[in-house]
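Quick note: the coordinates plus some simple rules give every number you see, no bench work behind them. Fair warning: this is a prediction, and the values are worked out from it, not measured in the lab. Cβ: placed from backbone, ideal geometry, glycine included. Neighbour counts: every protein chain shown.
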Amino acid sequence: MSDAFSFEAPDTPAPIREAATVIVLREGVEGPEALLLQRHSRSGFAADAWVFPGGVVDEADGQLPSAHWNGIDLAQLAPRFNATEAAVLALHVAAVRETFEESGLLLATTADGSALDVDAPEVRQMRNQLADREHPAGAVEFNAWLAAQNLILDLGALEFWARWITPVWEKRRYDTRFFLARAPRGQIAAFDDVETTGQLWIRPDDALTQAASGELHMIYPTIKNLEELGAACAGPGSVEQAMSLAIQRPTVDPILPHFEVTADGYSVLHPGQPGYPLERYADELGR
């Protein structure tokens, strides 16, 4: 990296947008595997990178009627998320909606509790509409579709795992909550071929090895979450083991990485580490 490269914030940093990401897990032959999707080469953010499914929260996500979601207690979760009940709902619904759009996996059931047929024409049609950038009101349409199909989102399938805030020098910035979720039984992931152009199920340690060799291009938060997930699933490991770790965490503190150019390239500091300029980021970390 050139010494001329700067990690300094612009005079007016980009606004921070709320986002939600889901680390979908399944049991593999040699241990838990995570779903990674490759972003389109023309994406405005993390082009060509292998990431977890997710995206920006829409206002309509927090307006989904209670008849069409279950599994969480908003009042109980609000302190853990450091957010209002409406914001907690919006984050969960956005996580499900974006995962459905990008991977085809939908954490939902029919009103009678039976499994959802994701290959049904009406389900495929809704996913195509969400992926179509000509339909900017995707979250509104998603809510109306859930009501029309009498579907109920299983928000209890999501476990809060991590929270990352994009560094100040990036042109697009997000306050992203990461969730863990088991892959829905009987459903098969399929990238949308709009925002994502490839997919793979892979053990966290294998993904990190391929990232280090340059075989898989990944952004920093993806790598760090895979590192933590790999540690959580060390040894025999299991999806249940990772989910239990997420449940047992008393708090999920935000991580806003601080980058500095050094003689050897650059260094990265996280909140709580020696030398991290907490006063510089106090307002953003306290969002």
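Within the stretch 81-151, report the GluC sites (Glu not before Pro) that DSSP leaves as loop and that have at most 11 other Cβ atoms within 10 Å.
Within the stretch 81-151, the qualifying GluC sites (Glu not before Pro) (loop, at most 11 other Cβ atoms within 10 Å) are Glu134.
Each residue of the stretch 249-262 in order: what ³J(HN,Hα) in whole Hz does its phi give by Karplus 6.51 cos²θ - 1.76 cosθ + 1.60, θ = phi - 60°, with x for Gly and Pro?
5, x, 9, 10, 7, x, 10, 10, x, 10, 9, 9, 6, 10
Is the shape of the stretch 205-258 best called rounded, prolate or oblate, per the rule: a/c under 1.5 gives rounded, else a/b larger than b/c gives prolate, else oblate, with a ≥ b ≥ c the square roots of the Cα gyration tensor eigenvalues? Write out the running numbers ahead of the final one.
Numbers: a/c = 3.51, a/b = 1.26, b/c = 2.79.
The shape class here is oblate.
Quick one: net charge of Ala115's neighbours, Cβ under 13 Å, K/R +1, D/E -1?
Details: positive: Arg185; negative: Asp112, Asp117, Asp119, Asp154.
Residues near Ala115 contribute -3 overall.
What trypsin sites (Lys or Arg not before Pro) does the stretch 166-264 have in DSSP loop regions with at most 14 other beta carbons within 10 Å?
For trypsin sites (Lys or Arg not before Pro) across the stretch 166-264 that sit outside H, G, I, E and B with at most 14 neighbouring Cβ atoms in 10 Å, the list reads Lys171, Arg172, Arg185.
Test of understanding: what is the full-extension gain from Glu228 to Ile247, defined as 0.36 nm times their sequence separation minus their Cα-Cα distance?
5.4 nm
Please give the net charge around Leu208, taking every other residue with its beta carbon less than 12 angstrom from that of Leu208, where Lys and Arg add +1 and Asp and Glu add -1. Show your work: numbers first, answer last.
Details: positive: Arg203, Lys224; negative: Asp205, Asp206, Glu215, Glu227, Glu228.
Charge balance near Leu208 sits at -3.
Which length gain, in nm to one decimal place, applies between Asp132 and Ala78 when the Cα-Cα distance is subtracted from 0.36 nm times their residue separation?
16.2 nm
I'd like the orientation of helix 138-149 relative to the chain: the angle between its Cα long axis and the longest Cα principal axis, in ° from 0 to 90, rounded to 10.
The angle comes out at about 30 degrees.
Using only the Cα atoms of the stretch 68-117, what semi-axes does the equivalent ellipsoid have when each is the square root of 5 times a gyration tensor eigenvalue? Give whole Å, largest first.
After scaling each eigenvalue by five and taking roots: 23, 14, 7 Å.
For Asn150 and Glu85, calculate 0.36 nm times their separation in residues minus their Cα-Cα distance, and state this gained length in nm to one decimal.
Full extension from Asn150 to Glu85 adds 21.1 nm.
First measure r as the distance between the Cβ atoms of Val56 and Leu285, then evaluate 1/(1 + (r/R0)^6) with R0 = 22 Å and state the FRET efficiency to the nearest 0.05.
Efficiency for this residue pair is about 0.60.
Taking just the alpha-carbon atoms of the chain, what radius of gyration and Dmax come out, in angstrom?
Considering the chain through its Cα atoms, Rg and Dmax are 18.9, 62 Å.
Rounded to the nearest 500, what is the chain's calculated 222 nm mean residue ellipticity when only DSSP H runs of at least 4 contribute -39500 (n - 2.57) each, over all residues?
On the way: 8 runs with 91 residues, N = 287.
Taking each H run of at least 4 residues, the total per residue is -9500 deg cm²/dmol.
How much of the DSSP bridge set in the stretch 16-285 is antiparallel, in percent, rounded to the nearest 5?
70
Please work out the FRET efficiency for the pair Asp193 and Glu27, using the Cβ-Cβ distance as r and a Förster radius of 41 Å; give the result to the nearest 0.05.
0.90
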